[in-house]
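Each remark here refers to the structure printed beneath this line.
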Amino acid sequence: MATDIEGVIEEVQSKLDIAEIIGSYISLRKAGRNFKACCPFHHEKSPSFVVSPVKQIYHCFGCGAGGDTISFVMKHENLEFMDALRILADKASVQIPQFKGSASGKSRSFASMLHRINEFGANYYNALLIGSAKANEARKYLIKRTLNADIVAKFKIGFASGEWDSLLKFAKTKGVSATALEKAGLAIPGKEDSFYDRFRNRVIFPIFDVRSKVVAFGGRVLDDSLPKYMNSPETDVYVKGRHLYGLNFAIEEIKEKDYVIIVEGYLDLIIPYQSGIQNVVATLGTALTVEQIRLIKRFTDNVVIIFDADQAGEAASLRGLDLLVAEGLFVKIAKLPQGQDPDDYVCKNGKDKLLEIIQEADNLFDYKLKLLLKKLNPALSEDKTKISSEMLPTIKRIENSVLRADYISRLSKALFIAEDALNEELSKIKLDYSYIGEVKKIKKNLDISPAEKIIAGLMIEDPDIAQQVREELRSEDFNSQEIRDIVALIYRMLDDGKIPSAARVIHNLNDDHLSYIVCEALSATENFVDREKSFKDCMLRIKKDDMICQREKLTGLIKQAEQQGDDERLMGLIKQLDMIKSERV
Ligand SMILES: [Zn+2]
């Protein structure tokens, strides 16, 4: 058994095949020695995502995502490094020993520190709700909403009292600092080094990630004071729009039932959950993001959205749902009676009645069309245009051409318009994919010379080449800072007697941008016929470029020395320039 983290990583990666692992998340198509797919990290119609089983890396030419198996699982499952490693180690039947301290890197241990603080906070608020006299009102409120003790325990619901520093004081007795609480978003800095509790006099709902770690909190007031809801700020472990409330508790049931119910608020989820409807998640009032949709897509392709009557009447509130369709999900809309949310509805009518409403849900197309036909008159030309311009963008987003054709034919009948005309309009629609902006795009590296990139790629592919480069070039001889960093790391590995494999380099860089360059470098060298010649050419190019660069630098310094009349320095610089000129490459 490997005892250091690097050993574990290598053992895991050597036992697993990257194509098999990534293939279990998305469907891959064989393309030569590699596999291709549409990138799971940005929206695209033609595949630019490449998996290389030989190099054990993946790389997207579209958005710049790239890395090894661990980084794929981290990104795709939204996990921290150690958690992703654990999942993979499990698959590879590799045991992970207990690592002390910061073995897994600074940022990772910072994240787990935040998790610990959040857990600490959740436990404190929960204990207060259950045991403190100060929480009498809160307990009454939750009992009135029919919550039982089991559900309170499961969702770790809590209470923050009205004092300004109740959590801070308690944390101090347990050795948790105010700064740590601030980093986790639980305390706010006040005047002169003082802090106060962020949440006061509120019922507290911890927000969990998929792994059931507390990442943030929501607090609801008991009276009519404002704001009614208050959330944690964004931290290293909590980014708005990346989590779905309750998903961690719902996963099994979502898989079992093969659909997910989406509601808005904490209690809209908790009350139906308590009644036995457990394939439910909550958006916490915001529009669904691409990241949330992809999170759902890992467990099911079917979505039922529960709308209250107010939202249900508005075509505008449906437009956001086109995003789900674009991501390949089947969307249905369930409508509740006027003035009721899922929470009230289950309390008044019971679980079965809610299930009935869900069963009767219309798919997005039918729902939208019915709604529009109720408001507009398809016999009028103007209204026909209005209806078709609402319907066509939804249809356009459907990938399945049979389904698309079916919808066009139905729309044609509803509007008394020839299918050809609708198809013509459909072809004119340009979809707005600006939401992709949410996926961070890595800047393209146009300023790195191809020769430098190729050398870096070859060094990672072949340790002998790496050794040869080490003998001829210093890392500073490379022009681009990124390549310098990568080469310096490769040199350090050689010094430590380690082979700089792709996975190892990527892991040690621990940087998205640099990982991308490594992947780019590796794909640049992919189809070389004569590696030896390419290698020599590139080395020559780099040396020449370096020389030109040094010459320019020296010429500049010489001019400067001339202007300043510094003869001694001038002579030294001229000598250096002569030396470089006499060196032949
Ligand atoms: Zn991509």
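Nothing in this text is a laboratory measurement; each read-out follows from the coordinates by a stated rule. Fair warning: this is a prediction, and the values are worked out from it, not measured in the lab. Cβ: placed from backbone, ideal geometry, glycine included. Neighbour counts: every protein chain shown.
Things worth noting here:
- Rounded, prolate or oblate (a/c below 1.5 giving rounded, otherwise prolate when a/b exceeds b/c) for the range 106-231 by Cα gyration tensor: oblate
- Subtracting the Cα-Cα distance of GLU234 and SER14 from their residue separation scaled by 0.36 nm leaves 75.5 nm.
- Classified by the C-alpha gyration tensor, the range 262-304 has an oblate form. Its axis ratio a/c, with a ≥ b ≥ c, is 1.5 or above, and a/b does not exceed b/c.
- Span-rule helices in the chain, defined as complete DSSP H runs reaching 27 Å or more along the axis (Cα) with Kyte mean at least 1.0: none
- About its Cα centre, the chain has a charge dipole of approximately 940 debye under the convention of +1 per Lys or Arg Cβ and -1 per Asp or Glu Cβ, with nothing else charged.
- Among TYR273, TYR124, the order by Cβ neighbours within 10 angstrom, fewest to most, reads TYR124, TYR273.
- Over the chain, relative contact order from alpha-carbon pairs under 8 Å, at least 6 apart, %: 9
- Residues VAL325, VAL280, VAL469 in ascending order of nearby Cβ atoms (within 10 Å, fewest first): VAL325, VAL469, VAL280.
- Packing, taken as the mean count of other beta carbons within 10 Å per residue, orders the peptides 160-169, 134-143 from highest to lowest as 160-169, 134-143.
- LEU226-GLN576 FRET efficiency (beta carbon distance; Förster radius 60 Å; 0.05 resolution): 0.25
- If you sort the three axes of the alpha carbon gyration tensor as a ≥ b ≥ c, you get a/c under 1.5 for the range 454-525, which makes it rounded.
- Given LYS30/LYS297; LYS75/LYS228; LYS156/LYS368; LYS498/LYS544, the pairs whose alpha carbons are separated by over 27 Å: LYS75/LYS228; LYS156/LYS368; LYS498/LYS544
- Once backbone amide H atoms are built at 1.01 Å from N, ASP165 has ASP197 as its partners under 5 Å, excluding neighbours fewer than 5 places away on the same chain.
- FRET E, pair ASP150, SER381, Förster distance 41 Å, beta-carbon r, rounded to 0.05: 0.10
- Counting every other Cβ atom within 10 Å of each residue's Cβ, SER515, SER177, SER389 order from fewest to most as SER389, SER177, SER515.
- Mean separation of Cα contacts under 8 Å (6+ apart) over length of the range 251-410, as relative contact order %: 21
- The separation of the range 317-389 from the range 552-585, counted between C-alpha centres, amounts to 76 Å.
- Candidates HIS243, ALA466, MET493 compared by Cα position along the dipole of the chain: farthest toward the positive end lies HIS243, with charges placed on Cβ.
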